[in-house]
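The structure appears right after this line, and notes come after that.
Throughout, read-outs are computed from the coordinates displayed, never taken from laboratory work. Note that the coordinates shown come from a computational prediction; the quantities given were computed from them, not determined experimentally. Reconstructed Cβ throughout: ideal geometry from the backbone, glycine too, with neighbour counts over all protein chains shown.
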Amino acid sequence: MFEQAALIDEMGKLRKFALRLTKNAHNAEDLLQSTMLRALEKKDYFQNETNLFSWTSKIMFNLFVSGYRQKKKFETQYDPAPYIDQMSMGPTQEAHVDFVTVNESMKLLSPEHRQILLLVCVEGMRYEEASKLLKIPVGTVRSRLSRARYHLQELLTPSTPYKNPMLGHLTGSQQERIVA
Amino acid sequence: MLPPIITEFDVQALVDSHLTWEEEKRVLQAIRTDPALHAYYLQIVAQKKLLVAWWKEQATENKTAKSTSHEAGVLLLAGMQ
């Protein structure tokens, strides 16, 4: 097993490796994120005395060969649910985030929040494009998206606090603005 | 001069691939050194992956969404109740 910080430390080298494989920055980022997820899912199999970069780069190469080169979408190949369970809820909790839960949670969001999540997270729309489509400033896109993510996470994992790292650094009025 | 504070918007922009290479390096450095930022980054990545997988599931189950364009499907689903 390895510490998550150690994996983060390898991201730079893994990104370069992904770029060499895919020859494309966007695809490299997809490959990198899929590799990170897979590595976290399988971290119990990592042997401490071995090299983490070698291990993760092997995962990346296997992902690239088995799926990416065939131009399949990563999202359909790799179920993120186990990762969500592990990272967001902790191993002792029995709750299981599945598509039904996501569906119900999305229904509970406001239409504006559903819309911005779907446009940016699902469709991969750029903030500027969403701004033009929705006829709102880019800053509003960013703040609306942030609030939508906050509310969705609260609905998906109500027993786990949203891991917003910024609130401790901000003033009271800024905190209120963010979580409003 | 103090280094600029990395905000949740910076982390989200990283996950949404909206940063330049230089900005990305700055945010990643902060993620490496700040456990709270690290946890937040992982949470946002996981949430985004889950949403994408859920949407694909929806698209296969919902003929209406499947038969419309992506953008129209998004706007249609945004109004669901």
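Worth a mention:
- Checking the Cα-Cα distances for A:K132/B:K48; A:K107/B:K25; A:K23/A:K43; A:K13/B:K48; A:K13/A:K107 against a 32 Å cut-off, the pairs over it are A:K107/B:K25; A:K13/A:K107.
- Since only A:G12, A:Y45, A:T22 are under comparison, the one whose Cα sits farthest along the positive direction of the charge dipole of the range A:1-45, derived from C-beta charges on Lys, Arg, Asp and Glu, is A:T22.
- Placing dummy labels 7 Å off each Cα toward the beta-carbon, the span from A:V100 to A:Y45 is 3.0 nm.
- Paramagnetic reach from A:L155 (point 7 Å along Cα→Cβ, amide N under 18 Å) across the range A:99-135: A:99-123
- In the range B:1-58, the alpha-carbon atoms span a convex hull of 79 Å³ per residue.
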